[in-house]
Amino acid sequence: MQDQDREFSTFEVGKICNVAHTTVISWIDRKELPAHVTPGGHRRVYQNDFILFLEKYHMRIPPELLEAKKKPVILIVDDDEEILHMLSKAFKEHAPEFTVCTTQNGMKALMIVGHESPKVIILDVVMPNMDGLEVCKILKDKASSKNIKVLVITGKRLTERQRKYFLENVDGIFHKPFSAVKLVERAVQAAKE
């Protein structure tokens with residue numbers, strides 16, 4: 001996970017707020033601080049939720065949290081770790097003004113969209129469980145996410161149905177292998193439109 005997609009444990013939140021982790025658990029249980037529970041039963045707080053909590057209660061916000069908050073977010077969704085790494089590196093080099101979040105599955109991408117409000121999503125078409133077409137349809141059907149710019153990447157030939165949908169609903173289609181620099185340039189352009 002990167003930047004705004006970072007999750008904090010109750011111990012980390014406690015350390016920043018200078019309180020015991022049991023106090024943080026109490027905040028979460030009282031619904032004052034949004035959190036989710038891991039399969040192992042541990043509470044985790046997303047960075048944006050943590051910043052909003054600190055602002056609401058007029059608590060000191062560490063500078064590194066504020067810095068990440070200011071940058072617009074680009075979300076990269078691909079089940080291929082090499083692609084995620086390559087694109088993250090390309091954004092760091094060619095568009096450092098953006099915060100990059102990555103995930104390897106469509107369902108997690110939709111959860112991140114709820115927390116991070118990305119400007120642009122770079123979305124792989126072929127993924128297990130929920131493919132890029134399903135993710136895109138869900139995004140475009142919701143008022144809160146329909147205006148997010150979507151750039152589709154694919155290593156396979158699109159079906160006629162996929163092609164027709166993407167041509168009408170996304171802001172660009174890139175076929176693998178593609179130039180990471182050109183994709184970054186298009187994403188930056190889309191974020192500014």
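The values are calculated or read from the model by the stated rules, or taken from the named source; none is laboratory data. Computed from a prediction, not measured in an experiment: that's the story for all the values here. Glycine also receives a Cβ, built like all others from the backbone with ideal geometry; neighbour counts cover every protein chain displayed.
Quick one: which residue in LEU110, LEU123, LEU139, LEU151 is hydrophobic (A, V, I, L, M, F, W, C), crowded, with 18+ Cβ neighbours inside 10 Å, at pLDDT 90 or above and out of contact with any strand residue (DSSP E or B) (no Cβ under 9 Å at 6 or more places or on another chain)? Spell out the reasoning first.
Values: LEU123 fails: out of contact with any strand residue (DSSP E or B) (no Cβ under 9 Å at 6 or more places or on another chain); LEU139 fails: out of contact with any strand residue (DSSP E or B) (no Cβ under 9 Å at 6 or more places or on another chain); LEU151 fails: out of contact with any strand residue (DSSP E or B) (no Cβ under 9 Å at 6 or more places or on another chain).
Matching residue, one of LEU110, LEU123, LEU139, LEU151: LEU110.
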Would you say ILE25 is of a type outside the set (Asp, Glu), more than 17 Å from the chain's Cα centre (by Cα) and modelled with pLDDT under 90?
no
Among the numbered conditions (1) loosely packed, with under 15 Cβ neighbours inside 10 Å; (2) more than 19 Å from ALA180 (Cα to Cα); (3) not aromatic (Phe, Trp, Tyr), tell me where GLU82 comes up short.
(2)
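With the structure loaded, tell me whether ILE173 is in the same structural domain as PHE98 (by TED's automatic domain parsing), touching a residue at least 60 places away in the same chain (Cβ under 8 Å) and closer than 22 Å to PRO128 by Cβ or whether it fails that test.
no
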Can you confirm whether the range 123-143 contains a residue that is in contact (Cβ under 8 Å) with a residue 60 or more places away in the chain and not assigned by TED's automatic domain parsing to the domain that holds LEU33?
no
Starting from the range 179-193, take each residue that is closer than 10 Å to ALA95 by Cα and list its partners that are surrounded by fewer than 19 Cβ atoms within 10 Å (Cβ to Cβ), counting only C-beta distances under 7 angstrom and pairs at least six apart or across chains.
VAL181/HIS94; VAL184/HIS94; VAL184/ALA95; VAL188/ALA95
Among the residues of the range 75-82, are any assigned to a helix (DSSP H, G or I), at pLDDT 90 or above, more than 17 Å from the chain's Cα centre (by Cα) and within 21 Å of SER117 (Cα to Cα)?
no
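Against the definition (closer than 30 Å to LYS156 by Cα and part of a helix (DSSP H, G or I)), how does LEU66 come out, yes or no?
No: the conditions fail for LEU66.
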